[in-house]
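One structure is given below, encoded as structure tokens.
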Amino acid sequence: MDNATLAIAATAARLIAEDGLEYGPAKHQALKTLGLPARTPLPDNLVLEAALREHLDLFCADTQPGELQALREHAVTWMTRLAEFRPHLGGAVWRGTATRHSDIYLQLFCDDSKSAEIELINQGIDYDVQQIRGFQGGQVDALSVHSWCAPLKMHVGVHLMIYDHDDLRGALRLDAQGQSQRGDLSALKRLLENS
């Protein structure tokens, strides 16, 4: 791997850990920060995740585990609250690379796509709706909430991606490394017990 790719990965890892950027935007911001041409090859997500874990070990070892624990416990609260929609946790909180700057990403598998919105309204929860690219490549609705996380003493973003119930089967496939990209409430509780 060339030096430019490693430099992009290291810079992007810092941006993810310190600013809460997602992988794609972090790679592009790293290109700008390093003053590299736009056509410079970007590191793949595996290289970036390895750089992120290294960054967390070097610079955040004293704070990141507690922050991750707080975010995972906060995710448990939301998953319990929305249990009827078969919530699955994904993203950095699931993978274990989250810091206090990371958002919580829950994927809901609903029989009726509007039922989760109705539940939020019934619970008196304000939310914003946007369309984002889902794990299958198509557009899905995302309901975004600002939720107070007492252990972190701050609001965190909780994003509820709405999928059809039938999409759950494809969501459980393992990635190329044999890892699950998301987990249900019982899987998350196992992670918390083992941490």
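The values are calculated or read from the model by the stated rules, or taken from the named source; none is laboratory data. From a predicted model like this one, the values you see are computed outputs, not experimental measurements. FYI the Cβ positions are ideal-geometry reconstructions off the backbone, even for glycines, and counts take in every protein chain you see.
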For residue 63: the one exception among (1) touching an Asp or Glu at 6+ places or on another chain (Cβ under 8 Å); (2) of a type in the set (Ser, Thr, Tyr); (3) exposed (fewer than 14 other Cβ atoms within 10 Å of the Cβ): (1)
Pair list, Cβ under 7 Å, 6 or more apart: segment 8-29 residue under 18 Å from residue 105 (Cα atoms) and part of a helix (DSSP H, G or I), other residue at pLDDT 95 or above and among the polar types (S, T, N, Q): 17/99
Let me spell it out: the conditions are (1) surrounded by fewer than 16 Cβ atoms within 10 Å (Cβ to Cβ); (2) modelled with pLDDT under 95; (3) assigned to a loop (DSSP other than H, G, I, E, B), and residue 126 meets all of them except one. Which number is the exception? (2)
If we scan segment 57-65, do we find a residue that is under 14 Å from the mean Cα position of the chain (by Cα) and within 26 Å of residue 188 (Cβ to Cβ)? no
Of the residues that sit in segment 90-120 and are more than 18 Å from the chain's Cα centre (by Cα) and touching a residue at least 12 places away in the same chain (Cβ under 8 Å), which one is nearest to residue 179 (Cα to Cα)? 110
Starting from residues that are closer than 20 Å to residue 99 by Cβ and basic (Lys, Arg), keep the ones in segment 129-183 and report whichever is surrounded by the fewest Cβ atoms within 10 Å (Cβ to Cβ). 153
Please work out which residue is surrounded by the most Cβ atoms within 10 Å (Cβ to Cβ), limiting yourself to segment 30-60 and to residues that are of a type in the set (Lys, Arg) and over 30 Å from residue 109 (Cβ atoms). 32
Within segment 75-89, identify whether any single residue is farther than 24 Å from residue 170 by Cα, part of a strand (DSSP E or B) and free of Cβ contacts under 8 Å to residues at least 40 places away in the same chain, and answer yes or no. no
Out of 77, 63, report the one residue that is over 23 Å from residue 107 (Cβ atoms) and either among the β-branched types (Val, Ile, Thr) or in contact with a Pro (Cβ under 7 Å, 6 or more places away or on another chain) (or both). 63
Selected residue (only one of 68, 108 is assigned by TED's automatic domain parsing to the domain that holds residue 181, under 21 Å from residue 150 (Cβ atoms) and touching a helix residue (DSSP H, G or I) at 6+ places or on another chain (Cβ under 8 Å)): 68
Inside segment 30-53, can you point out the residues that are free of Cβ contacts under 8 Å to residues at least 12 places away in the same chain and either in a helix (DSSP H, G or I) or within 11 Å of residue 7 (Cβ to Cβ) (or both)? 32, 35
